[in-house]
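Okay, so here's the structure we're looking at.
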Amino acid sequence: MEKQKTRDQIEEKYKWDLTTIFKNDDEFHKFYDKTKEDIKKINDYKGNITKDENRLFEFLNLSDELERQLYKIYYYAHLTYDSDTTNTKSQENYNLANNLLNEYNLLSSFVVPELLKTPYEQIIEYINKNPKLKQYSFNLECIYRYKKHTLDQKSEEIISTFSKVLQAPEQTYECLTDSDITFGSINVGDKEVELTSSNYSLYIKSQDREVRKQAFKMLHEKYASLKNTITSTFIGNIEGLIALSKLRNYHSSIEASLFDDNIAIDVYNNLIDTVSEHIDVSCKYFDLKKKCLKLDELYNYDLYAEMLPNFNKKYTFEEAKAIVLEALKPLGQDYISNLNKAFDNRWIDVYNNKGKRSGAYSSGFYDTNPFLLLNFEGTISDVSTLAHELGHSMHTYYSSKNNTYNNSSYKIFVAEVASTVNELLIIKYLIKNSKDNDEKCYLLNQMMELFKSTIYRQVMFAEFERDIYQQLEDGIPLTNEAISDHYFDLNKKYFKNSVKLNDLIRYEWERVPHFYYNFYVYKYAIGLSSACLIVENILSGKDKDAEKYKMFLKSGGSDYPANELKLAGVDVTKKELVISAIDMFNECIEEFKKLKNIE
């Protein structure tokens with residue numbers, strides 16, 4: 001049986017270098033002890049934050065310094081923990097970091113209520129008197145947006161005290177799915193292979209239908225066996241957000257979740273409505289896949305199989321690196337130079353190991369370089385994922401280098417644009433440089449998969465999330481059966497008659513960690529739609545659009561997301577933005593059919 005490697009069996013060059021944050025755990029603990037004392041300084045400003053313009057600046061400057069210390073601790077702890085979640089020292093450090101953040105949040109819970117006691121007009125006057133405060137203008141504006149959703153000091157202290165309790169459902173879910181869950185083995189050819197959350201993505205794409213079926217069945221049966229536990233964590237997470245939303249005087253949990261990005265609920269609902277009106281395009285793709293795979297019926301476990309059975313190219317990590325560097329050249333030499341730092345300075349943790357967090361992400365902040373977690377298996381999807389996460393990393397890098405600390409942290413809403421631009425550039429580059437029709441069709445299929453998974457699948461998730469929250473807010477009790485039935489009904493809607501639904505698909509929602517991120521997934525679809533427009537403009541060479549795009553990357557967190565996207569020529573309020581992405585999907589389908597002579 002082929003088993004997962006342990007952490008120490010991975011070559012150093014394929015592991016991220018966290019010594020750039022702290023050289024070792026001893027240095028981490030010394031800095032932790034110092035910060036634990038430093039955060040008490042916040043109490044010196046209690047009751048006099050807005051005494052005058054100089055006092056306000058002193059406080060904001062101190063707040064930045066303390067946050068930077070805290071996040072240095074947090075990022076080291078969370079990255080070492082995610083490298084191997086079974087390591088007890090890493091678990092302890094991660095808990096210490098979270099406890100310290102919670103302690104600081106409790107100590108500083110007086111800040112916003114106290115600030116809001118001072119009229120905003122007075123704050124504007126302070127900014128005019130002290131030029132050093134101008135860097136905080138947007139931050140202060142954002143705080144005052146929350147005035148009607150901020151409680152009195154005592155209430156804010158109570159909420160802060162309970163913040164760790166509210167995080168418990170997500171943390172329990174992560175421990176269960178990242179560390180404790182095991183799936184058993186499947187037969188692949190003439191050997192048994194341990195199925196993991198990481199290699200599932202490989203076997204569900206297998207050209208052997210029986211392997212796909214085994215992997216699908218084993219994974220979803222395991223989640224079905226955990227249905228009561230996961231339903232409990234899921235509902236606990238939702239109830240926590242609903243309770244907070246009511247306490248803070250929001251009309252709904254979705255309004256509370258979208259408020260920080262200053263995004264209207266209409267943008268969310270219009271996305272769902274627009275995609276729902278164009279389900280026929282995705283169904284056209286599934287019908288095409290059924291023909292290419294020569295199947296009488298297309299089942300859930302067939303959805304990720306490659307449509308070209310004899311074209312199953314694998315890539316080494318070094319080959320993936322070369323492709324990424326070449327494909328992203330339209331973004332300019334400075335972008336490529338910065339990109340090389342990720343490879344040369346070990347920002348990337350490449351391969352899976354026992355206990356490593358599944359999936360992929362880019363993580364980092366102002367005082368560290370970005371770090372990328374991958375579970376690289378060598379597929380074209382992994383090449384695309386590398387580009388995707390590097391998009392996040394370059395966004396972080398440009399934001400940090402071109403803004404003060406307080407204006408450097410961009411919203412997730414715009415983050416998905418930066419990552420998806422890279423994905424599209426990679427696939428378009430490969431399609432353009434393909435040598436034969438089979439290769440081009442294979443790459444077109446990857447493009448179609450991107451649209452299928454990012455537009456249609458994520459919007460189905462978004463609709464599911466909206467509906468489940470609404471039911472609980474309406475006082476309708478939820479059980480695993482009710483949640484799973486609704487998820488199954490949405491599958492019927494989004495797949496129509498083009499896919500034969502296996503009953504186990506009703507438990508798929510249990511394995512989606514994004515449902516613990518509170519109305520997060522719709523951003524993927526908006527991000528892809530925005531990225532399509534940006535990439536088309538860049539590749540057509542319109543009016544220095546690459547430079548406009550980098551101005552967007554450099555804007556960091558200095559404005560509201562919708563305004564920052566306008567720098568790159570994107571208006572997220574327009575229904576046509578989503579339709580243009582769906583049109584591109586349809587064009588890929590038609591080009592593929594033409595190349596393969598399929599009616």
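Along its three principal axes, how long is the stretch 7-161 when you only count alpha carbons? Whole Å, largest extent first please.
60, 34, 26
With N residues in the stretch 134-186, what two-decimal value do you get for its Cα radius of gyration over 2.2 N^0.38 Å?
After normalising by residue count via 2.2 N^0.38 Å, the value is 1.96.
Using the alpha-carbon centroid of each, what span in Å lies between the stretch 446-468 and the stretch 184-259?
Cα centroid to Cα centroid, the span is 15 Å.
When only Cα pairs under 8 Å and 6 or more residues apart are kept, what is the percent relative contact order across the stretch 7-161?
Relative contact order for the stretch 7-161 comes out at 26 percent.
What are the ³J(HN,Hα) values, in whole Hz, obtained from phi via the Karplus relation 6.51 cos²θ - 1.76 cosθ + 1.60 with θ = phi - 60°, for each residue of the stretch 162-175 in sequence order, with x given for Gly and Pro?
Karplus-based 3J(HN,Hα) across the stretch 162-175 equals 8, 4, 5, 5, 5, 7, 4, x, 5, 5, 5, 4, 5, 4 Hz.
From the backbone phi of the stretch 80-94, what are the Karplus-calculated ³J(HN,Hα) couplings (6.51 cos²θ - 1.76 cosθ + 1.60, θ = phi - 60°) in whole Hz, Gly and Pro given as x?
Couplings: 5, 5, 5, 5, 7, 5, 8, 6, 5, 5, 5, 4, 5, 5, 5 Hz.
For the stretch 556-568, just list the computed ³J(HN,Hα) in residue order, Karplus coefficients 6.51, -1.76 and 1.60, θ = phi - 60°, integers in Hz, with x standing in for Gly and Pro.
x, x, 8, 7, 5, x, 4, 6, 5, 5, 4, 4, 9
Could you tell me what % of all Cα pairs in the chain have separations over 40 Å?
27
Any idea what Rg and Dmax come out to for the stretch 491-599 if you just take the C-alpha atoms, in Å?
Answer for the stretch 491-599, Rg first and Dmax second: 18.2, 52 Å.
When a footprinting reagent is the concern and you count Cβ atoms within 10 Å, what order do 163, 108, 337 take, fewest first?
Ranked by crowding around the Cβ, least crowded first: 337, 163, 108.
Do the sum for the chain: with -39,500 (n - 2.57) for every DSSP H run of n ≥ 4, divided by all residues, what is the mean residue ellipticity at 222 nm, to the nearest 500 deg cm²/dmol?
Computed mean residue ellipticity for the chain: -19000 deg cm²/dmol.
Using modelled amide H (1.01 Å from N, peptide plane; none on Pro or chain starts), what sits under 5 Å from the amide H of residue 371, excluding residues fewer than 5 places away?
Answer set, sorted by chain and number: 363, 364.
Could you work out how far the C-alpha centroid of the stretch 131-163 sits from that of the stretch 20-77, in angstrom?
18
Chymotrypsin sites (Phe, Trp or Tyr not before Pro), restricted to the stretch 442-538: which are DSSP loop and have at most 12 other Cβ atoms within 10 Å?
In loop regions of the stretch 442-538 (DSSP not H, G, I, E or B), there are no sparsely surrounded chymotrypsin sites (Phe, Trp or Tyr not before Pro).
Listing 465, 587 from the residue with the fewest other Cβ atoms within 10 Å to the one with the most, what is the order?
587, 465
Can you sort 179, 400 by how many other beta carbons sit within 10 Å, fewest first?
179, 400
Between the alpha-carbon centers of the stretch 552-599 and the stretch 273-339, tell me the distance in whole angstrom.
Their Cα centres are 16 Å away from one another.
Just so you know, all these numbers are worked out from the coordinates, no wet-lab data involved. Bear in mind the structure is a predicted one, so any value in this text is a computation, not a measurement. Reconstructed Cβ throughout: ideal geometry from the backbone, glycine too, with neighbour counts over all protein chains shown.
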